[in-house]
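Novice: Below is one structure. I have some questions about it.
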Amino acid sequence: MKKKLIPAFGCFGGKEKRGGDLIALGRFQCDNGADELLIQDLSKDDSDHERTIRLIKETARAVDIPILTGGRVKRLEDVKKYLYAGAKAVYLDVSDEENVDLLKEASSRFGSEKIYAYLPDISYISRVEEYMQLGASMMILDIPEWEEELLLQISSLAVPFLMFCRDVPGTMADFLKIPSSAGVLIDIPYDETDTCMNWKQELSRQGIPVEMFETAVAWKDFKLNSDGLVPVIVQDYKTDQVLMLAYMNEEAFRQTLTTGRMTYFSRSRQKLWPKGETSGHYQYVKALFLDCDNDTILAKVNQIGAACHTGARSCFFRTLAEKEYKESNPLKVFEEVFAVIQDRKENPKEGSYTNYLFDKGLDKILKKLGEEATEIVIAAKNSDAEEIKYEISDFLYHMMVLMSQKGIGWEEITKELANR
């Protein structure tokens, strides 16, 4: 089992507890080797609690790794709000006996894999079996004082646990060597030198299994060009937009795998070229692929800023020749139709049916959506494929009007589906 490194952030007043931008912090850790994020809701009243939930939702949209959260759970509805905001799992603080009672209800309603138990000191370890039986699938141990006795106690746990590790990197390896340890939760600064990826390199050297980039094909099996290099086609991992073409030698390839940032070999300067080293326009690796001839790499990356030295997002921005064609990529079609709907909402057009729906309001949109759903059922009973396609298209259009009305985009929908 790969051990997880999970940066932990506290949140109140609409900000991270140290005054930072939680979304920016989350993005940075996501790009630099974090496996998940923990966001602790430190709010003191209901209005701040709602602000924190909105911030968790915005952070979940901005990052590609799971989010754990909790901290202000008073009823089942709070668990639901955290999960609907995009959390993978919610922890319940077992120092509150009402939360202990809530464990079973929450795990029955949402699934035990989404419910964790938070143990604020060593005294609660004796009740771990009880929490497991009530439905908690993971224990979060927050033990302020490090003692050898603690190591012995948690080594005997039969349930997976995450351990807060505030002495970074001092005790991190000790915790991760325990078989039932699933990972560590760490308070880390917004610092480019202290990153999860850097710590993973050290942990890997100690033989601790952590999630890093590992090549399935050895460099010796690549087919190099006459300069001893391999061309690399670079794509945006979300849109598949081709960003640039560059080259790697073996050292650049190894450094890319080690750091998680794209590194190339500059043919003009005859040296390694860590992309973004001077501009800050880093390319964070999401996936690397090798073509059928072993002579070209395809890299899918998270591009920060512009890929091109001209300041353009992509180096391929000049049209040489073009013919009109119908876009058939499903998500792009959905995005294009949704963009038209959004434009009608922001720039009303006389005679537009879409504007008619927006003008009539939510009840009219919901009525039409219900009617179209019924039409799909009727069409399906008639077994006419063309009619079904027509009715589904009508339904999807009205659904997108509802999405626009409620401020929901396709990226949020696809992310929710991916989480399932």
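Novice: Need the failing condition index for Val63 against (1) under 24 Å from Leu5 (Cα atoms); (2) at pLDDT 95 or above, just the number.
Specialist: For Val63, the exception is condition (2).
Novice: Does Glu36 meet the test of being out of contact with any Ser or Thr (no Cβ under 9 Å at 6 or more places or on another chain), within 18 Å of Lys200 (Cα to Cα), of a type in the set (D, E, K, R) and open to solvent by less than 20 Å² (accessible area, probe 1.4 Å)?
Specialist: Taking the combined requirement at face value, the residue satisfies it.
Novice: With respect to Lys74, is the statement that it is open to solvent by 20 Å² or more (accessible area, probe 1.4 Å), basic (Lys, Arg) and under 22 Å from the mean Cα position of the chain (by Cα) true?
Specialist: So Lys74 fails the test.
Novice: Could you name every one of the strands (runs of 3 or more DSSP E) located completely within segment 38-138 that has at least 1 residues being aromatic (Phe, Trp, Tyr) and farther than 30 Å from Ile304 by Cβ?
Specialist: 89-93, 115-119
Novice: Of the residues that make up segment 268-287, is at least one open to solvent by 50 Å² or more (accessible area, probe 1.4 Å), modelled with pLDDT of 95 or more and of a type in the set (A, V, I, L, M, F, W, C)?
Specialist: Yes, segment 268-287 has at least one match.
Novice: Filter segment 251-284 for residues that are assigned to a strand (DSSP E or B) and in contact (Cβ under 8 Å) with a residue 24 or more places away in the chain and give the result.
Specialist: Arg261, Tyr264, Phe265, Trp273, Gln283, Tyr284
Novice: May I ask you to list the residues in segment 117-129 that are in contact with a helix residue (DSSP H, G or I) (Cβ under 9 Å, 6 or more places away or on another chain) and either closer than 19 Å to Ala89 by Cβ or open to solvent by less than 20 Å² (accessible area, probe 1.4 Å) (or both)?
Specialist: Ala117, Tyr118, Leu119, Tyr124, Ile125
Novice: A further question on this structure: Touching a Phe, Trp or Tyr at 6+ places or on another chain (Cβ under 7 Å) and either surrounded by fewer than 23 Cβ atoms within 10 Å (Cβ to Cβ) or more than 30 Å from His281 (Cα to Cα) (or both): is that true of Val100 in this structure?
Specialist: Spelling it out, it is not the case that Val100 is touching a Phe, Trp or Tyr at 6+ places or on another chain (Cβ under 7 Å) and either surrounded by fewer than 23 Cβ atoms within 10 Å (Cβ to Cβ) or more than 30 Å from His281 (Cα to Cα) (or both).
Novice: Tell me, please, whether a residue that is buried (at least 21 other Cβ atoms within 10 Å of the Cβ), touching a residue at least 40 places away in the same chain (Cβ under 8 Å) and not in a helix (DSSP H, G or I) can be found in segment 10-29.
Specialist: Checking segment 10-29: at least one residue is buried (at least 21 other Cβ atoms within 10 Å of the Cβ), touching a residue at least 40 places away in the same chain (Cβ under 8 Å) and not in a helix (DSSP H, G or I).
Novice: Would you please name the residue that is least open to solvent (accessible area, probe 1.4 Å), looking only at residues in segment 214-229 that are among the small types (Gly, Ala, Ser) and farther than 19 Å from Cys292 by Cβ?
Specialist: Among those residues, the one meeting the criterion is Gly228.
Novice: On to the next question. From the set of residues in segment 376-420 that are of a type in the set (Ser, Thr, Tyr) and open to solvent by 80 Å² or more (accessible area, probe 1.4 Å), which is farthest from Leu331 (Cα to Cα)?
Specialist: Ser383
Novice: Test each condition in (1) in contact (Cβ under 8 Å) with a residue 60 or more places away in the chain; (2) open to solvent by less than 80 Å² (accessible area, probe 1.4 Å); (3) out of contact with any Phe, Trp or Tyr (no Cβ under 6 Å at 6 or more places or on another chain) for Asn302 and report the one that comes out false.
Specialist: So Asn302 meets the others, but not (3).
Novice: Let me ask you something else. Picking from Ala373, Ala321, which residue would you name as being open to solvent by 60 Å² or more (accessible area, probe 1.4 Å) and either out of contact with any Asp or Glu (no Cβ under 9 Å at 6 or more places or on another chain) or more than 30 Å from Gly228 (Cβ to Cβ) (or both)?
Specialist: Numbers: Ala373 fails: open to solvent by 60 Å² or more (accessible area, probe 1.4 Å).
Sole residue among the options that is open to solvent by 60 Å² or more (accessible area, probe 1.4 Å) and either out of contact with any Asp or Glu (no Cβ under 9 Å at 6 or more places or on another chain) or more than 30 Å from Gly228 (Cβ to Cβ) (or both): Ala321.
Novice: Do we have Tyr356 as open to solvent by 80 Å² or more (accessible area, probe 1.4 Å) and among the hydroxyl-bearing types (Ser, Thr, Tyr) here?
Specialist: Yes: the conditions hold for Tyr356.
Novice: Would you check which residues across segment 360-370 are farther than 19 Å from Asp343 by Cβ and open to solvent by 70 Å² or more (accessible area, probe 1.4 Å) and list them?
Specialist: Asp363, Leu366, Lys367 - these are the residues of segment 360-370 that are farther than 19 Å from Asp343 by Cβ and open to solvent by 70 Å² or more (accessible area, probe 1.4 Å).
The values are calculated or read from the model by the stated rules, or taken from the named source; none is laboratory data. Bear in mind that the values here come from a model prediction, so they are computed numbers and not experimental data. FYI the Cβ positions are ideal-geometry reconstructions off the backbone, even for glycines, and counts take in every protein chain you see. For the accessible areas, the whole protein counts, side chains as well, though only heavy atoms, and no ligand, DNA or RNA atoms are used. Shrake-Rupley method; radii C 1.70, N 1.55, O 1.52, S 1.80 Å.
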